[in-house]
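To start, the structure itself, in structure tokens.
We did not get these values from a lab; they are worked out from the coordinates using the rules stated. On a predicted model such as this, the values are computed, not experimentally measured, just so you know. All Cβ positions, glycine included, derive from the backbone under ideal geometry; neighbour counts span all protein chains shown.
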Amino acid sequence: MSSLWLLIIGLAMLAAGYLLYSRFLADRVYQLDRAYPTPAHEMNDGVDFVPTNKFVLWGHHFTSVAGAAPIVGPAVAVIWGWLPAFLWVTLGTVFFAGMHDLGALWASSRNRGRSMGMLSGRYIGARGRNLFLVVIFLLLLMVVAAFAVVIKDLLIATPTAVIPTWGAIAVAAVVGQMIYRWRMNLLLTTVIGVTALYSLILLGDAYPIELGESTLGMSPATFWIVTLFVYAGIASLLPVWVLLQPRDYINGVQLFVGLALRYGATLVSAPDLVAPAINDNVPDGTPSLVPLLFVTIACGAISGFHGMVSSGTSSKQLDKETDARFVGYFGAIGEGLLALGAIIAATAGYRTLADWEAVYTEFNAGGVTAFVDGGGAILNAGLGIPVGLSSTILATMAVLFAATTMDTGVRLQRFVVQEIGEVLGARIDKYAGTAIVLAVALGLTFSAGAGGEGGMRIWPLFGTTNQLLASLTLSIVAVILIRKRRNPLPALVPLVFVFVMSFYAAIVQLGTLRDNGDWLLLGIDAVIIVAAVWVALEAGLAMRRARNEPAEDDDADRHVALEESAQR
Amino acid sequence: MSGSRWQRFRAGVEEFYAGPYRATLRRARRDEDDLFRLVVLAEALGVPDPAAYWSAELLPATYAEFHDWHRRMGMERSPLDHVGCC
């Protein structure tokens, strides 16, 4: 079958989701009100609360939620064939992710733009907040470790990406100086920055860098992992305008360039899907599709992380409440598009089934490398860019997405550590905080071997935690809907499904991790299971309370908000 | 393309660059200002300041934000007798 059909059907499903289902959600379930005074207007402070044009806000929202994860997950999951991954990504985006992201945005904007963690205090109870902290800590820890492994794999598999990957740091640093020191025009700076990045890609393509057997006494894998953590540590400590801000910006631009390149090339070349629709010949040791598919692809189908961005950040900038539909739901669609592109790259980018099977030799074997190779072949066929250069472009993009998540992740994790320190009565400065974060994350990465060989075993665990976070957010949305006596099914059905699948997956992984002797990950998995049971209990109780309470009128949130601000 | 649309596009891109980090940068600047305020107010707060002769001249510049500052520093009431902001 031609991948063009897959692309068209997928796009049609996402478009129908936006035009029909998101309208239903906005009109009937969330009942978005154009006249409702959003937090951005009510508390406009010119800093956090700023009414923002919906397209710009969508740009922020989409680039913060999208990254390497919707590429890695689908590229791993096509081992079960392209159909299951395709269905989970499209249906997941329409009925799960879009619903969840829009719901989080709505819930937060009705509660003075507060974050999900704070909302769980109001709707689930005081323990709900601690639960959030635990889950977020685990999530950040795993994303940093998993992405270190992803980047290391890419740098070794695509040595031509080494120069652009590290050169991009210099480009970002110069862009930061151009904007804040030299006050240069942003559009001009953008053109210069992107040109510089692509020149580096050309340079890297001509001069691949392969590390020797022993670099500073370390194997290439160990060396890259250590270097990445050193980088992430330094980057997270620098003032944000020096590196993180320009890096995020250039990455945002890259995201659009990358999407355009991949979809353009697929449209032109329409390669055949060589991988089977459903792979009944999976390599030995591949876990069962149910439930692992649903945690392997988290971002791209439903991801709790989006709720963190929706609440507390985007919700403070909504100009009109009705904009939430575009920002929240269409943000999820953007990520679904990335995931769909990754599925096509990893299944249609090979010439024959044998070639494909040679890559997907075991679970976690193909992954992002398959995305780079397959996508490279498609770019070559569609746009005539040489295969090597195409792979370099895609590998650089994937590394940059993952690396910016890593450095931001280390930075956020530092705040969490400092907060935990405060709870325990110890003052942790930013250097000590960063050192603790790096030590724990490095330990986790190396717990599966000095080369991070087993590092990708973290991936499904990361997905499980992400889904758990999504379950928490969906529970809050469901509680709100029940309180308002609206139909809670659009939230409840995804909630039950995602929760059951991630809980089941956590149990299955106990066995896998025990067989591999991964005791650290096993311990984390046990913590996840405890947290999951806790989530289910608290959510169940909160929903029962909400059902027995008298119905809440539509303006209740506003009254609560006004009372709270009056108390201050 | 009309001029105003181009202007709007430019403003949008600039917002896209600045928006996500506005709060962080504002906070960093506030920390810096707080430090400056502490230095200028040192003598008034009872910390001997060898440069007090010169920094006294800057005192009026700190008054506008004084109330927010002392509350941020955890002091409910003004710590200085001669500044009755609350």
Does a label point 7 Å from the Cα of B:Arg29, set along Cα-to-beta-carbon, have any residues of region A:47-76 with amide nitrogen under 18 Å, and which are they? A:47-51
If r is the Cβ-Cβ distance from B:Arg10 to A:Gln177 and R0 is 22 Å, what FRET efficiency results, to the nearest 0.05? 0.60
Give, as a single signed number, the net charge of other residues whose beta carbon lies under 12 Å from the beta carbon of B:Ser78, with Lys and Arg counted +1 and Asp and Glu -1. -1
Total charge dipole magnitude, region A:398-451, about the Cα centre, Cβ charges on Lys, Arg, Asp, Glu only, Debye to nearest 20: 60 debye
How do A:Ile528, A:Ile209 rank when sorted from fewest to most other Cβ atoms within 10 Å of their own Cβ? A:Ile209, A:Ile528
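Rank the residues A:Thr165, A:Thr52 as a footprinting-exposure proxy: fewest other Cβ atoms within 10 Å of their Cβ go first. Please report the intermediate quantities before stating the final value.
Working: A:Thr165 27, A:Thr52 24.
Arranged by neighbour count, lowest to highest, A:Thr165, A:Thr52 become A:Thr52, A:Thr165.
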To the nearest 20 debye, what is the magnitude of the charge dipole of region A:448-521 about its Cα centre, counting +1 on the Cβ of each Lys and Arg and -1 on the Cβ of each Asp and Glu? 640 debye
Specify which residue in the list B:Ala28, B:Ala51, B:Val40 is farthest towards the positive end of the charge dipole of region B:23-86, using unit charges on the beta carbon of Lys, Arg (+1) and Asp, Glu (-1), about the Cα centre. B:Ala28
What do you get for Rg/Rh over region A:389-480 if you use C-alpha atoms and the Kirkwood form of Rh? 1.07
By how many degrees, between 0 and 90 and to the nearest 10, does the Cα long axis of helix A:458-483 differ from the longest principal axis of chain A? 20 degrees
Can you find, among A:Ile156, A:Gly98, A:Leu424, the residue sitting farthest towards the positive end of the charge dipole of the protein assembly as shown, where Lys and Arg contribute +1 and Asp and Glu -1 at Cβ? A:Gly98
What's the extension gain from A:Ile420 to A:Leu541 if we count 0.36 nm per residue and subtract their Cα-Cα distance? 40.9 nm
Could the peptides B:35-47, A:417-429 be put in order, highest first, of the mean number of other beta-carbon atoms found within 10 Å of their residues? B:35-47, A:417-429
Between the residues A:Ala441, A:Ala365, B:Pro60, the Cα farthest towards the positive end of the dipole of the protein assembly as shown, that dipole coming from +1 and -1 charges on the beta-carbon of Lys, Arg, Asp and Glu, is from B:Pro60
About the Cα centre of the protein assembly as shown, what is the dipole size in debye to 20, counting +1 per Lys and Arg Cβ and -1 per Asp and Glu Cβ, all else neutral? 1260 debye
Helix-only CD estimate at 222 nm, as mean residue ellipticity for chain B, using -39500 (n - 2.57) per DSSP H run (n ≥ 4): -18000 deg cm²/dmol
For peptide A:179-190, compute the average count of partner chain beta-carbon atoms within 10 Å of each residue's beta-carbon. 2
How much space per residue, in cubic angstrom, does the convex hull of the C-alpha atoms of chain B take up? 149 Å³
Long-range amide H contacts for B:Glu43: which residues qualify at under 5 Å (H placed 1.01 Å from N, peptide plane, sequence gap of 5 or more or a different chain)? none
Measure nothing fancy, just the Cα-based angle from helix B:22-41's long axis to the longest principal axis of chain B, in degrees from 0 to 90, nearest 10. 20 degrees
Take region A:11-59, compute every pairwise Cα distance, and split them into 5 Å bins from 0; I just need the percent in each bin. 5, 17, 14, 21, 21, 11, 8, 3, 0
For region A:191-283, what does the alpha-carbon gyration tensor say about shape, rounded, prolate or oblate, given a ≥ b ≥ c as the root eigenvalues, a/c under 1.5 as rounded, and a/b over b/c as prolate? oblate
Sort A:Cys299, B:Cys85 so that the residue with the fewest other Cβ atoms within 10 Å of its own Cβ comes first and the one with the most comes last. B:Cys85, A:Cys299
Taking loop as defined by DSSP and a crowding limit of 16 other beta carbons within 10 Å, which GluC sites (Glu not before Pro) in region A:304-364 fit? A:Glu362
Run down the lysines and flag those whose C-alpha is under 30 Å from the C-alpha of A:Lys152, throwing out any fewer than 8 positions away in its chain. A:Lys430
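Please work out the FRET efficiency for the pair A:Ala551 and A:Leu267, using the Cβ-Cβ distance as r and a Förster radius of 60 Å; give the result to the nearest 0.05. Write down the numbers at each step before the final one.
On the way: r = 50 Å, r/R0 = 0.84.
Efficiency, from the Cβ-Cβ distance: 0.75.
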Taking loop as defined by DSSP and a crowding limit of 15 other beta carbons within 10 Å, which trypsin sites (Lys or Arg not before Pro) in region A:1-37 fit? A:Arg34
Which shape class applies to region A:1-151: rounded if a/c is under 1.5, otherwise prolate when a/b exceeds b/c and oblate if not, where a ≥ b ≥ c are the square roots of the Cα gyration tensor eigenvalues? oblate
Virtual spin-label span in nm between A:Asn516 and A:Ala126, 7 Å along Cα→Cβ: 4.0 nm
With a ≥ b ≥ c from the Cα gyration tensor eigenvalues, square-rooted, and the rule rounded for a/c under 1.5, otherwise prolate when a/b > b/c and oblate otherwise, chain A is rounded
Which residues among region A:300-333 fall inside the zone where the amide N is under 15 Å from a point 7 Å beyond the Cα of A:His41, along Cα→Cβ? A:316-324
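Quick one: which of B:10-21, A:388-399 comes out on top by average Cβ neighbours within 10 Å, and what's the full order, highest first?
Taking the mean over residues of other Cβ atoms within 10 Å, the ranking is A:388-399, B:10-21.
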Report the Cα centroid-to-centroid distance between region A:289-350 and region A:408-440 in angstrom, as an integer. 28 Å
Under 23 Å Cα to Cα from A:Lys320, which lysines show up? Leave out anything in the same chain fewer than 8 places away. A:Lys54, A:Lys484
Per-residue mean of C-beta atoms belonging to partner chains within 10 Å, peptide A:56-66: 2
Set the Förster radius R0 to 45 Å, insert the Cβ-Cβ distance between A:Ile209 and B:Trp54 as r into 1/(1 + (r/R0)^6), and round the FRET efficiency to 0.05. 0.25
For chain A, the longest principal axis of the Cα atoms and the Cα long axis of helix A:54-65 enclose an angle in degrees, to the nearest 10, of 60 degrees
